[in-house]
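Comments concern the structure below.
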Amino acid sequence: MKAKLLYFHAGKSSFVNKDIEILHEKYTVLDFFFDTTNKKKYFSLFAKQVAFILTNIFGSKLFVCQFAGHHAFLPILFSKIFFKRSVIVAGGTDCVSFPSIGYGNFNNKLLTRTTAFSFKKCDLILPVHQTLVEYDYTYQNNDFKKQGYQFFIPNIKTHYQIIHNGYDSKKWFCDTEKEKNSFVTIGAGLDSRFGFNLKGIDLILEIASQFPHCTFYIVGGLGIDKQTTANVKLLDKIPNNELRQFISNKQFYMQLSMSEGFPNALSEGMLCECVPIVSNVGGMPDIVKDCGYILKHKNISELYELVNGALNNFDLDKLGKKARKRVVENYTFEKRKEQLLLAVNKLI
């Protein structure tokens, strides 16, 4: 009989679904969705979460939380009360603070407390990249010079283990010709109070006006209420069964975020042989290495030189294939599966 795990998340994103799929192979996984988008329902959600925990805690071997924060506070608290082991997968927003755009768990006093409590009291933290632990932030000067949960919780002693995200190269591949001079970026919540600047859409709209012969596709950007040039295509979310073919047709994948952990869309774009153009934040420079272009600072002149250089590169096909090879050789679904199951098994 499989051991039982309780899994807590704030939405079934692709990385949540993949981790649940992995854990299901060895364990019985019962998951609880805490909808953090509606703060008016927090008290009822906390009550439902308590009922879920008390109903399922007996016989369970481990609590797993995707990200730290409000939704992880009670699971970690109850894990301590009932002597259960607990793990937090750290992914991005739970490790940073960007007051200039009002983003990150450590930008909010109450959220800082629940996040710090969750990280300090769990048994193991599994960041998807080392930069979520702590790193020097140099992309722009309006926020903290360091990011990562250890910077914001300097006395934390919880053990951590880096386990990168992993991808299925058989699902993400290129089988079509590239649309010349085409750029694509994918984002969620781009019409939110911070999403537009967080994902670098401000830079993309500005640079698009300087390259009228290029086309810039922003998937998830349909709700953006900004004046755009004719070469910017704001698109709704694309169904999963159509997304691979859409990305494969594009020449460049552009991710100019102010903050990232280990972005799935970038890695999937690279698997589809898109040449990456990314900002110098989080895990992105490490993912891209010499397979694309890295914007060192949030500066439109630097971005212009970068894009101009990319468009004049006569070896883009070769660079796209190199980008795919980079992900295939380093960030596989099988590697994450092996490391995640091993880390969980050691705690049970």
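No lab work stands behind these numbers, since they all come straight from the coordinates. What you are looking at is a predicted structure, and each value in this text was computed from that prediction instead of being measured. No Cβ is skipped: glycine too gets one built from the backbone with ideal geometry, and neighbour counts run over all protein chains shown.
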*Could you work out how far the C-alpha centroid of region 25-43 sits from that of region 137-188, in angstrom?*
23
_Could you tell me the relative contact order of the chain? Use alpha-carbon pairs under 8 Å, at least six residues apart, and round to a whole percent._
14
*asked:* Over region 1-139, what is the relative contact order in percent, taking alpha-carbon pairs closer than 8 angstrom and at least six residues apart?
replied: 22
*Equivalent ellipsoid semi-axes - Cα gyration tensor, the chain, angstrom*: 36, 22, 18
*Extension gain Asn308-Ser13, at 0.36 nm per residue separation less the Cα-Cα distance, in nm?*
102.8 nm
*Can you check what the Kirkwood hydrodynamic radius comes to for region 179-330, Cα pairs only, in Å to one decimal?*
15.2
*Stretch Met1-Lys325 to full length: gain in nm at 0.36 nm per residue minus the Cα-Cα span?*
112.7 nm
*Give, in nm to one decimal, the length gained when the segment between Lys296 and Lys121 is fully stretched (0.36 nm per residue of separation minus the Cα-Cα distance).*
59.4 nm
*Rounded to the nearest 20 debye, dipole of the chain from Cβ charges on Lys, Arg, Asp, Glu*: 1360
*For region 55-72 and region 236-260, write down the distance between their C-alpha centroids in whole Å.*
32
*For the pairs Lys12/Lys226; Lys180/Lys318; Lys171/Lys337; Lys296/Lys322, note any where the Cα-Cα span goes beyond 23 Å.*
Lys12/Lys226
_Ellipticity estimate at 222 nm from DSSP helix runs (n ≥ 4, -39,500 (n - 2.57)) divided over the chain, nearest 500_ = -11000 deg cm²/dmol
_Please list 3J(HN,Hα) in residue order for region 72-87, calculated via the Karplus relation 6.51 cos²θ - 1.76 cosθ + 1.60 where θ = phi - 60°; whole Hz, with x for glycine and proline._
9, 4, 5, x, 5, 4, 5, 5, 6, 4, 9, 6, 9, 7, 8, 9
*For a quick protection proxy, order the peptides 270-283, 116-129, 29-42, 135-148 by their average other-Cβ count within 10 Å, most packed first.*
270-283, 116-129, 135-148, 29-42
*asked:* Suppose R0 equals 22 Å. What FRET efficiency, 1/(1 + (r/R0)^6) with r the Cβ-Cβ distance, do Leu54 and Ile348 give to the nearest 0.05?
replied: 0.60
